[in-house]
There are 2 protein chains.
Amino acid sequence: MLKSVTSICNMRFNRRSLLFLLVLCTFMICFSFWSRCILNPETSDLNRKLIADGRTNGDFDNVHFVNRGAKNYNAPVNEMEIPSSNLQEIECEINREYSVQCRKDNNEVYLPFSFIQKYFEVYGEFENIEGYEKFEFSHSYSEVHHPPDVIRPDGAFMSFEHYNVEIRKRVKCITAVEGVPISTQWEPAGHYYPIQIAQFALSHYSKYLKEGEPDQIPLLNSERDVGMWLKGGNVNIKSVWSKTRRSQVVEFQSSDSLSNAGFYTMMKETSNFAVTFDFKIVSNGSISLTLKNDAVTFHLHYVFSDTLITCDGKNIYYGLGENRRGDWIHFARDADMDLLKGLSLKCSKYRKLGRLTLLGITIRGHGWLDNVTVSSAAHMDHFFNAANWFVTHQDSRGGWPIMVTRKLISGVMELQPGWYSAMAQGHGISTLVRAYLKSKNTVYLRTAINALKIFEISSAQGGVKARFANSYNWYEEYPTTPSSFVLNGFIFSLFGLYDLKEIATGEPLEKVTQLYEEGIKSLKAMLLMYDSGFGTFYDLRHVSAGLAPNRARWDYHTVHISQLLQLSKMEDEPLFTRTVKRWQDYMKGVRSPHN
Amino acid sequence: MLKSVTSICNMRFNRRSLLFLLVLCTFMICFSFWSRCILNPETSDLNRKLIADGRTNGDFDNVHFVNRGAKNYNAPVNEMEIPSSNLQEIECEINREYSVQCRKDNNEVYLPFSFIQKYFEVYGEFENIEGYEKFEFSHSYSEVHHPPDVIRPDGAFMSFEHYNVEIRKRVKCITAVEGVPISTQWEPAGHYYPIQIAQFALSHYSKYLKEGEPDQIPLLNSERDVGMWLKGGNVNIKSVWSKTRRSQVVEFQSSDSLSNAGFYTMMKETSNFAVTFDFKIVSNGSISLTLKNDAVTFHLHYVFSDTLITCDGKNIYYGLGENRRGDWIHFARDADMDLLKGLSLKCSKYRKLGRLTLLGITIRGHGWLDNVTVSSAAHMDHFFNAANWFVTHQDSRGGWPIMVTRKLISGVMELQPGWYSAMAQGHGISTLVRAYLKSKNTVYLRTAINALKIFEISSAQGGVKARFANSYNWYEEYPTTPSSFVLNGFIFSLFGLYDLKEIATGEPLEKVTQLYEEGIKSLKAMLLMYDSGFGTFYDLRHVSAGLAPNRARWDYHTVHISQLLQLSKMEDEPLFTRTVKRWQDYMKGVRSPHN
């Protein structure tokens, strides 16, 4: 380089040309070094891609944190093409099995995060705050939600206000018959999963307690509201006295046809999507909700059919139940959720929900209508729908049988359709106790008490009671043989027993107290079998079936923590407070001591 | 920079001076960029320091791998002083709690090993092979040693040929009275620790099987060897017939004084240090071994005293026992080990063993001498010394009480002096069974059978039998209340039972079979409670006392693995083979699955 520069400069020049050449040479040299010295512009492009991985979120006993998703650090494919630099490359040989390319600088060796992440199961992402970039290393991806300060049977349920059950992909939809979720977990055709239904109830109940009464916009409450509504052709409207409802209601009469404009109201709601009212239709009429996003106008039709949900172009149909024609029905739908579930159907060619506006409500056929309201939420409607499901669907053994095959471990731990779950029983009780305390309707209390019976029947006899080492009773979320001893499901069943114990009297109180105390005794004896010294186990399959331990992923670990936090408030037991402290530390990479 | 260059060049020049300036400027610019571009010479100094850490090795139930030591990567103190380079510095925030300085390059972030090592408890060291440097990342520091192919009661004991019991710091010395180690563990004054004594026996026995007969140099075997020896002043030597020994022996008579040259032989042994012979001294005589390293000549004196070991300058004194004067004594000492232990005494101002030469053996006083030999090892001598100790020291309950306070967990799990250990009982049995099979002396077999009694006495009653969940018998290494359920000690106790079961007959066979099978049943049921999903637990203190799990450090984990490998050969049990595979994987960072 220097040689060529001087050879150019050795020619005969005048002063001006020499000066020009001097500057030119200088620039050339500058450029030559500069290009060696700076990062390759291509490689210094900081186009970080953090892609949420394909993990199915919230696939755990229907407990689901809305906004959580494990972020995966996406390592560059061509990391080896980075030019050599003044941090030298050095081969890191891992356990004498394979190598990764590291860097070294003085006495320090630097290991690439793409390796660290996979090897140690940790997480990381770039964070840029006002131009300052840093790298956030996280030991876990989950977050602990705290239970209420005081545990009451009419209080929020653990930290369920953070859950959104129906948004989960495995919830097919909320039925328009009973207003409860239908699960596609383990059975794509869909089934009633009592745990999911209870969590739907308890999350809405807890959200209600947290949020208070929703914003409500009355659309048809009194006779004078009728004037605000519009009518298609051949629609008759009048205000009449309903004996059943002991109030003035609006009677409407129009063609049943879905193409008929019917009796309708128009609006432009962008934040309130909960539509509630009471109606009775005696013809083959229907109710429609119209929603619009930036591109498309959709129609949700609620029709007298037994088909759960179906779609056709921009129209989504929910079945109100063939035989409910002529009944007073309480309508309570989250229009945005109903649309979301419709767009998730295979029959729908639309996928994006987009920014929604609720445009209108339409009624068709011959019937009566009362209390039409659009609200920010209809938590208590959903809650009571689910509580009522538990009343309606309890079988003669006091259980809510689950009608799918559940393979906890294929060929080793399987349950045939019709199994009961202690977690479902407990969650059902927690729901029913709250419904009773809220409504004072004793059917809920009686149903809750009935649910205790299954706790006393062993897994082998179709119940949920397992025994650990022939010494400790365990209420099984999945009553497999051999027993699986799932921790979170067991504790949730204890929460149900606790709720009932707090309000029961007489013989049921004795029974539930005994069941609860047996359970707490087992929990105290067995809790630390779930402590891995750097996390927790989901179950004890390793002990009961001799298999590899089933480590709880972080979102289950945080459920264990929330549960222990709640148990610490329920029971004066230092083991719980001591343990939960350690389990929280595990989330930061702290390990229990070694010898 | 460019501005200053052009301003210089704007002056009036002739062609020569312009050319000079051009070259000068070019150099200046070159240098300017070069200095930005290269590594700071100070920081590119590759002076790696790998310092073995201060961990006490082999501090586990007296099981010890000779050449292992956890290497600790020593991070540079001033890592932050490294100048910015073309791998940019980036702050890595760890769990939103603290930060470490990382590097980034394109889409990759590099984390410093000094952080990784502490955070994840892993190991690393630079390795330089013929100028090629790489970094060896290790998940664990320990190594698995394999048991014999066939498990036999007269075979090598597990992988104990890899152990060197007496080299451990907590072995004060090998007594010159009984030839067994004295432990300073938990009691600096020293005590007989049956586990240590048995491991001393079993390691020498296993080494003997592995190494075969030692190299032996006979120094005084027949009358004609006498001529090879030297005599100090007033020493009389003659060959006489010994009725006791039924052989010709050498009778010697000299002054008892240690300053007397006595009857001695001179040599220059640099690889054989095991000195064995039989002698009887009736005066206050002594035996001395002379050793030399590069700097100092040392004397080991074996004298008729009850003082275990003491020293004075370059002289180290071992007590042969006051009352053993006049007995035929079998002398079997590893001179290098005896010197090592002497130099470890507080009274010694010498610390370094250095490269040793065994210079001579001296006898003083009035006595008889036979079979003087220097060998590469005296494994079977040591083995039988220890086996004899178990015969002599068994108490009326069939146990070998341990006379120190053992605080497994201070204030929670403590044992008062006089406790028994199932591991000591089992190891004692393994030793005695081998001694019986080797010698056909039935006293060893009877002693082994006697040792079973303690297995049937509960911890609460001073025995070693614990119960897990009132269902499983467990033989406790440390029979604490609450029970500690130490895994390795339990399995070692089963090994002892197995050895005896293989050779016992009649009622003892029934008894030992029952104890063994009960134990195997418990082990099958409980083994996976020790599986942490990424390592193993040392005990079940977390379950029985509600404390943090006590993770097994890697050298215990490898003991668990060796034990399971052996159990897989003893029992046709897929659980053992399946589990040991996983436990081996844990050593490479593999974890059990999560849900």
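The values are calculated or read from the model by the stated rules, or taken from the named source; none is laboratory data. What you are looking at is a predicted structure, and each value in this text was computed from that prediction instead of being measured. Counting neighbours? That spans all protein chains shown, and the Cβs are built from the backbone with ideal geometry, glycine included. Protein only, heavy atoms only, side chains kept; ligands, DNA and RNA dropped before computing areas. Shrake-Rupley method; radii C 1.70, N 1.55, O 1.52, S 1.80 Å.
Cross-link pairs exceeding 27 Å between alpha carbons, from the set B:LYS453/B:LYS521; A:LYS172/A:LYS407; A:LYS292/A:LYS341; A:LYS341/A:LYS453; B:LYS407/B:LYS438; A:LYS118/B:LYS104: A:LYS341/A:LYS453; B:LYS407/B:LYS438.
Spin-label pair B:ASP395-B:GLU510: with each label point 7 Å from Cα along the Cα-Cβ axis, the two points sit 2.9 nm from one another.
Shown for the stretch B:141-190 is the translational diffusion coefficient from the Stokes-Einstein equation, using the Kirkwood radius over Cα pairs, a temperature of 10 °C and a viscosity of 1.306 mPa s: 120 µm²/s. The calculated Kirkwood hydrodynamic radius for the protein assembly as shown is 37.0 Å, given to one decimal from all distinct C-alpha pairs.
Around the Cα centre of the stretch B:405-515, unit charges on the Cβ atoms of Lys, Arg, Asp and Glu (plus for the first two, minus for the last two) sum to a dipole of about 240 debye. For the stretch B:185-299, the normalised intensity computed at q = 0.10, 0.13, 0.16 Å⁻¹ comes to -0.48, -0.79, -1.06 (log10 of I(q)/I(0), Debye sum over alpha carbons, equal scatterers, no solvent).
Could you pull the copy-to-copy label distances for B:ALA295, with points set 7 Å along Cα to Cβ, in nm to one decimal and sorted shortest first? Its label point is 8.5 nm from the equivalent points in the other copies.
Surface composition of the protein assembly as shown: carbon and sulfur make up 49 percent of the accessible area, probe 1.4 Å. Under Stokes-Einstein, with the Kirkwood radius over Cα pairs as Rh, the value for the stretch A:251-317 at 20 °C and 1.002 mPa s is 158 µm²/s. Label-point spacing for B:LYS134 across the identical copies (point 7 Å from Cα in the Cβ direction), in nm and ascending order: 3.6.
Expressed as a fraction of 2.2 N^0.38 Å, the value expected for a compact globular protein of N residues, the C-alpha radius of gyration of the stretch B:313-384 is 1.26.
Here the scattering of the stretch B:342-400 is modelled by Debye summation over its C-alpha atoms, one equal scatterer each and no solvent; at q = 0.28 Å⁻¹ the log10 of I(q)/I(0) is -1.09.
Residues whose amide H comes within less than 5 Å of that of A:SER242, counting only those at least five positions distant or on another chain, are A:SER247, A:GLN248, A:VAL249 (H built at 1.01 Å from N in the peptide plane). Extension gain, A:TYR98 to A:VAL150: 0.36 nm times the residue separation minus the Cα-Cα distance gives 13.4 nm. For the stretch A:345-475, the Kirkwood estimate of hydrodynamic radius, built from reciprocal distances between every pair of different alpha carbons, is 18.4 Å.
Remark on B:TRP419: its backbone amide H falls under 5 Å from those of B:ILE402, B:VAL404, a criterion applied only to residues 5 or more positions apart or on other chains, H modelled at 1.01 Å from N. Over the stretch B:234-389, the fraction of Cα-Cα pairs per 5 Å bin, rounded to whole percents and listed from the shortest bin up, is 2, 9, 18, 22, 22, 16, 8, 2, 1, 0. Partners of A:LYS231 within straight-line reach, counting lysines whose Cα lies under 20 Å from its Cα and excluding those fewer than 8 residues away in the same chain: A:LYS268, A:LYS280. Chains B and A together bury roughly 10300 Å² of accessible area, counting both sides, with a 1.4 Å probe on protein heavy atoms only.
Computed 3J(HN,Hα) for the stretch A:473-484, one whole-Hz value per residue from the Karplus formula 6.51 cos²θ - 1.76 cosθ + 1.60 where θ = phi - 60°, is 6, 9, 8, 8, 4, 10, x, 6, 10, x, 5, 9, glycine and proline marked x. Seen against the Cα atoms of chain B and their longest principal axis, helix B:554-570 is set at about 50 degrees. Subtracting the Cα-Cα distance of B:GLU89 and B:SER283 from their residue separation scaled by 0.36 nm leaves 61.9 nm.
When the helices of the protein assembly as shown are scored as -39500 (n - 2.57) per DSSP H run of n ≥ 4 and the total is divided over every residue, the value at 222 nm lands at -10000 deg cm²/dmol. Between A:ARG246 and A:VAL443, the C-beta separation translates, for a Förster distance of 22 Å, into a calculated FRET efficiency of about 0.55. Remark: spin-label model distance B:ARG355-B:LYS588 equals 4.1 nm, labels positioned 7 Å along the Cα→Cβ axis. Residues of the stretch A:118-146 buried by at least 40 Å² of accessible area upon assembly of all protein chains, compared with the chain on its own (1.4 Å probe): A:TYR119, A:PHE120, A:LYS134, A:PHE135, A:GLU136, A:PHE137. For the stretch A:102-112, the Karplus equation 6.51 cos²θ - 1.76 cosθ + 1.60, evaluated at θ = phi - 60°, returns couplings of 10, 10, 9, 8, 6, 8, 9, 10, 10, 9, x Hz by residue, with Gly and Pro reported as x. Taking Cα centre as origin and charging only the Cβ of basic (Lys, Arg, +1) and acidic (Asp, Glu, -1) residues, the dipole magnitude of chain B rounds to 1000 debye.
With all protein chains kept in place, the per residue accessible area of chain B amounts to 41 square angstrom at a probe of 1.4 angstrom.
Amide H to amide H, with H built 1.01 Å from N, A:VAL109 comes under 5 Å of B:PHE113, B:SER114, counting only residues 5 or more places away or on other chains. Using alpha carbons only, the radius of gyration of chain B set against its Kirkwood radius gives Rg/Rh = 1.13.
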